[in-house]
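Undergrad: Here it is: the structure, laid out below.
The values are calculated or read from the model by the stated rules, or taken from the named source; none is laboratory data. Predicted model only: the values in this text are computed from it and were never measured. Quick reminder, even Gly has a Cβ in these numbers, built from the backbone with ideal geometry, and neighbours come from all protein chains shown.
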Amino acid sequence: MTSGGDCPGLNAVIRGAVLNGIKRYGHEFVGFLDGWRGVVEGDYIDLPRATVRGISKQGGTILGTSRTNPYDGEQGGPENIQATLDRLGVDAVIAIGGEGTLAGAKELTDAGLPIVGVPKTIDNDLDATDYTFGFDTAVQIATEAIDRLRTTGESHHRCMVAEVMGRHVGWIALHAGMAAGAHAILIPEHPLSMEQITQWVREAHERGRAPLVVVAEGFVPEGSFEPYADRGRDASGRPRLGGVGERLAPLIEEATGLETRATVLGYIQRGGVPTAYDRVLATRLGMAAVDSATDKAWGTMVALRGTDICRVPFVDALDNLKRVPQHRYDEAAVLFG
Ligand code: F6P
């Protein structure tokens, strides 16, 4: 099952798991629909080999996704879920998801359920794995979009602010910003004052450039405005992000006198065709997850370490955000202004 925000590469994981499971072990597969909802309600589709034909290049997930909590509702919780798995003849669940999904999977595994995991997030913020699939695609999409903002910014002699995803960490901003040659990259891990931001904008402008600022959605400038004050919370209680770019633009314009426009890239970064890198990583993770399930390595998720796929306990992926380290930010900052 696929759970949490969608992510390019989910279908490649499913295909890798199904093909490896059928070809090497003779397993049969079903796919639970819409994350934990499908597991809890026993809502599934059969996944014979023909259903995964050619899907690694498809964005989204053929199984649908949701942020349903497996403990919610009358059918939720470990005993009910185990009863549903027994009724359907399911011996193992492969949970493909981010921190929230893996937290649910850990609790259920602790209660005795047969679950293995595959880490997923475009934000690349899970510390137990070097990279998550979907991140490379998001960076590629963001870089292409920022390159386009640059030509319109240069034509109009404007400052352009590009807002990318990144709730707690700034990996997408750091990589896309560096690739696109941003004059400032603003990330949640590294608070900055408006004075510093506008200084970089001025320096770029004074050299005859159209300043380009890349900001992660979770960034908050020091002492300037409350984070995400007016957007409320989503159904899972998380603050709705998106909009910091729009809030920064008038402040930059006011401080520098330079016409400034903001663009929020939003869900475009999560949609569509995964890059070749993400397809390969996702396929390998899906294949390895089936090996884990076959070995009954419950409570572990597959992870990328260097170029190898290994197994780590769920707990390593929880409460353990992979933040952009200071030295990576300092390295990028040499290029600012
Ligand atoms: O975690 C991935 C992510 O795309 C974040 O970058 C973003 O803050 C969040 O999901 C958006 O979640 P939703 O799809 O619930 O709006």
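Undergrad: Could you please find all residues in the stretch 166-209 being of a type in the set (D, E, K, R) and farther than 16 Å from residue 334 by Cβ?
TA: 167, 189, 195, 202, 206, 209
Undergrad: Restricting to the stretch 29-78, name every residue that is surrounded by fewer than 18 Cβ atoms within 10 Å (Cβ to Cβ), closer than 21 Å to residue 234 by Cα and among the acidic types (Asp, Glu).
TA: Within the stretch 29-78, just 72 meets the criteria.
Undergrad: Please go through the stretch 26-40 and give me each residue that is of a type outside the set (A, V, I, L, M, F, W, C) and without any contact (Cβ under 8 Å) to a residue 40 or more places away in the chain, ordered by number.
TA: 26, 28, 31, 34, 37, 38
Undergrad: Further question: Regarding the stretch 294-308, can at least one residue be identified that is without any contact (Cβ under 8 Å) to a residue 60 or more places away in the chain, more than 16 Å from the ligand (Cβ to nearest atom), in contact with a Ser or Thr (Cβ under 8 Å, 6 or more places away or on another chain) and not assigned by TED's automatic domain parsing to the domain that holds residue 161?
TA: No.
Undergrad: Now for a separate question. Wholly within the stretch 223-337, which helices (runs of 4 or more DSSP H) include no fewer than the required count, namely at least 1 residues that are over 28 Å from residue 59 (Cα atoms) and modelled with pLDDT of 95 or more?
TA: Correct list: 244-256, 326-333.
Undergrad: Then there's this: Would you call residue 215 within 24 Å of residue 327 (Cβ to Cβ), modelled with pLDDT of 95 or more, assigned to a strand (DSSP E or B) and within 16 Å of the ligand (Cβ to nearest atom)?
TA: When the stated conditions are applied, residue 215 passes them.
Undergrad: I need the full set of residues from the stretch 142-171 which are assigned to a loop (DSSP other than H, G, I, E, B) and within 11 Å of the ligand (Cβ to nearest atom), in order please.
TA: 165, 166, 167, 168, 169, 170
Undergrad: Kindly establish whether residue 64 is at positive phi and away from the ligand (no atom under 16 Å from the Cβ).
TA: Against the criterion (at positive phi and away from the ligand (no atom under 16 Å from the Cβ)), residue 64 does not qualify.
Undergrad: Go through the residues of the stretch 187-197 one by one and say whether even a single one is within 20 Å of the chain's Cα centre (by Cα) and more than 16 Å from the ligand (Cβ to nearest atom).
TA: Yes: the stretch 187-197 contains one or more residues that are within 20 Å of the chain's Cα centre (by Cα) and more than 16 Å from the ligand (Cβ to nearest atom).
Undergrad: Being in the same structural domain as residue 286 (by TED's automatic domain parsing) and either touching a Cys at 6+ places or on another chain (Cβ under 6 Å) or modelled with pLDDT of 95 or more (or both): is that true of residue 87 here?
TA: yes
Undergrad: OK, next. Please work out if residue 111 is touching a helix residue (DSSP H, G or I) at 6+ places or on another chain (Cβ under 7 Å) and surrounded by fewer than 16 Cβ atoms within 10 Å (Cβ to Cβ).
TA: yes
Undergrad: Moving on. With respect to residue 201, determine if the residue is modelled with pLDDT under 95, touching a helix residue (DSSP H, G or I) at 6+ places or on another chain (Cβ under 8 Å), within 20 Å of residue 264 (Cβ to Cβ) and β-branched (Val, Ile, Thr).
TA: no
Undergrad: Right, next: Can you tell me which residue is surrounded by the most Cβ atoms within 10 Å (Cβ to Cβ) among those in the stretch 124-141 that are in contact with a strand residue (DSSP E or B) (Cβ under 9 Å, 6 or more places away or on another chain) and part of a loop (DSSP other than H, G, I, E, B)?
TA: So, considering only residues that are in contact with a strand residue (DSSP E or B) (Cβ under 9 Å, 6 or more places away or on another chain) and part of a loop (DSSP other than H, G, I, E, B), the one surrounded by the most Cβ atoms within 10 Å (Cβ to Cβ) is 133.
Undergrad: Okay, next question. Here is a check on your reading of the model: is residue 154 touching a residue at least 24 places away in the same chain (Cβ under 8 Å), of a type in the set (Asp, Glu) and surrounded by 19 or more Cβ atoms within 10 Å (Cβ to Cβ)?
TA: no
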